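This report concerns only the one structure given below.
The values are calculated or read from the model by the stated rules, or taken from the named source; none is laboratory data. All of these numbers come straight from a predicted model, not from anything done at the bench. When we count neighbours, we look across all protein chains shown, and the Cβ atoms used for this are built from the backbone with ideal geometry, even at glycine. Note: areas computed on protein heavy atoms with side chains; ligands, DNA, RNA excluded. Shrake-Rupley method; radii C 1.70, N 1.55, O 1.52, S 1.80 Å.
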Amino acid sequence: MKRFRLPHRSAARGFRPHAPRGLRVRLVVAFLLAAAFGALLTAGLTFHRARAAILDRAEETAVADLRTQLDSLAPDLTLPPTAEDLRGLTRQLDQAGGARAWHASASYRGGEPVSASSGTPPVPDELRRAVQDSGRAVHQRTEHDGRPWLALGMPVAYTDDSGDTDTDADADAAKDAGAGTDADTSADADTSTDADTSTDAGPLSGLTVYAAFPLDDDRADIDALVTAAEAGAVPALALALVPALFAARSVLRPVRRLRHGAERIAAGELDTRLDASGRDELADLTRSFNTMAETLERDAAELRRLEAGARRFAADVAHELRTPLAAMAAVTEVLDEDAASGVLPADTEDAVRLISEEVRALARTVEDLMEVSRFDAKAAPVHREDVDLRTLVTKTLQLRGWAQDERVRADLPEPAPGRVDPRRIDVVLGNLVANALHHGRPPVTVAVRVRGDRVRVTVADRGPGIPDEALPYVFDRFYKADAARPRSGGSGLGLAIAQENAALNDGSLTAANLPGGGAVFTLTLPSAASSPGTT
């Protein structure tokens, strides 16, 4: 069993570098896309959670600060408050906002909010309705002048330490008033209310305080998160490229080995085997490849054995038949002379002529089998000479008695020098003309033309032509099935031998049908100027 190392890629038979390289690119791209998708998914989830945490912290801190300021300032407010009282409360809240720089406004019993600053953004209607409907602290994220803002709405309730409820709006009760508030988180542009109520809060006083401040710092933190995620994506993909290349290499290496093994088997090295290691699918594929190669090698060996036996059998039979056929031919020649002299009865003459024809046909078949066996054994000798194909055609027709036959015409207008084996080309031409006379209809035309560095010899008849289904098989050995022509009495080897002889002279032989009817065989040979070894 043959084992081999993977050769250098430039030495591999039929190597196409772009095929595995394209697969490598696809594998790397797929790996990078998977890594990028995972990184983006992780970054997205992380960004969403971090953003929510930043905004939640801002909302909770703002609600707690506003509640602290209201706990300190609301008890000093006279109820019911005037517009100036509300303006003074919001001024104090604005001053207490400090670094948060919120803009406060206040309303009493659903009135229009009053603010101390002209730059205070309007209170969203959704926020006012939510505060009035729920009676709890509400916050909402909005957009104002292209900037994100957080708006808060917080109702003020009376404190009730004794458990009694006092709804009178007098100054003494107002001094005992406090801010009972709580905070909740929400999504952008959503209004959220407090889910809890203060255990020490009494009835609502009718005073509602609103505050709004920009989320520029929080948006800067969020933008920093996005920038960090984008900056980390490129190094992550660059780092993912290393395992991607490693994974592609681990996949492509056995694929390359399988391809080289297939190319070696296609080149005839059926003893090629690959080392299979591992338990993955590629290792299973390699083992299947080795099993296939073993089967092919075994079947090919069996076919070669059977083919060699068949060739040896045909050669042996032909060789054994030559001696008795030579004796039979000598006897039939004597009988032919007696039949020609008229000394034999009429019935005996007919029998002698029939036997003579069959003996000659059998002798030709044996000679054809011997020739075929020489072709198969690569032992057919070739003796090339510089000849004019016109002369060769003329001699072929004269030797077979076709030169004076009106059924055969020669079209030889120009010199056609070639370097060929005259004996083998004579066999080709003789078989083609005989085939045309036997299966087609006269006249049979033999034409010679020079086309560049090639010489073309065509043999055409005027018969019904070759059936389309028979064209691919006319040069096969022993092929005689033809419903469009009379039944052939030959061996079915003439055209096969003609094609073999054409190939031995570096030529080709093809068959086709003429548009106007009839078959045409074209013998193409190299001219003398293009043949190797000529001057």
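Between amide H atoms placed 1.01 Å from N, distances below 5 Å from residue 411 occur with 446, 447, 448, all of them 5 or more places distant or on a separate chain. Residues in the range 229-297 average 58 Å² of solvent-accessible surface per residue, probe 1.4 Å, ligands and nucleic acids excluded. Working ranking of peptides 139-152, 280-293 by packing, defined as the average number of other Cβ atoms within 10 Å per residue, highest first, is 139-152, 280-293.
The heavy atoms of residue 439 offer some 30 square angstrom of accessible surface to a 1.4 angstrom probe. Rg/Rh for the range 209-311 (Cα atoms only, Rh after Kirkwood) is 1.57. Simple point charges give the picture: +1 on the Cβ of Lys and Arg, -1 on the Cβ of Asp and Glu, and for the range 215-308 a dipole about the Cα centre of about 840 debye. Counting protein heavy atoms only, the range 419-461 has 47 percent of its accessible area on carbon and sulfur, 1.4 angstrom probe. Here the dipole of the range 249-375 is about 1620 debye; that uses its Cα centre as origin and unit charges on the Cβ of Lys and Arg (positive) and Asp and Glu (negative). Taking the protein heavy atoms of the range 269-313 in the context of the full set of protein chains, the accessible area attributed to carbon and sulfur is 56 percent at 1.4 Å. Taken one residue at a time, the phi angles of the range 144-152 give Karplus couplings (6.51, -1.76, 1.60, θ = phi - 60°) of 9, 6, x, 10, x, 10, 10, 9, 10 Hz. Gly and Pro are set to x.
With N residues in the range 291-381, what two-decimal value do you get for its Cα radius of gyration over 2.2 N^0.38 Å?
Its radius of gyration relative to the 2.2 N^0.38 Å reference: 1.70.
Indicate the gyration tensor shape class of the range 368-472 (rounded, prolate or oblate), computed on the Cα atoms with a ≥ b ≥ c the square roots of the eigenvalues: a/c under 1.5 is rounded; otherwise a/b larger than b/c is prolate and the rest oblate. It comes out oblate by the Cα gyration axes. Nonpolar atom fraction for the range 106-156, defined as the carbon and sulfur part of the 1.4 Å probe accessible area, stands at 41 percent. Average accessible surface for the range 333-459: 55 Å² per residue, computed with a 1.4 Å probe over protein heavy atoms with every protein chain in place.
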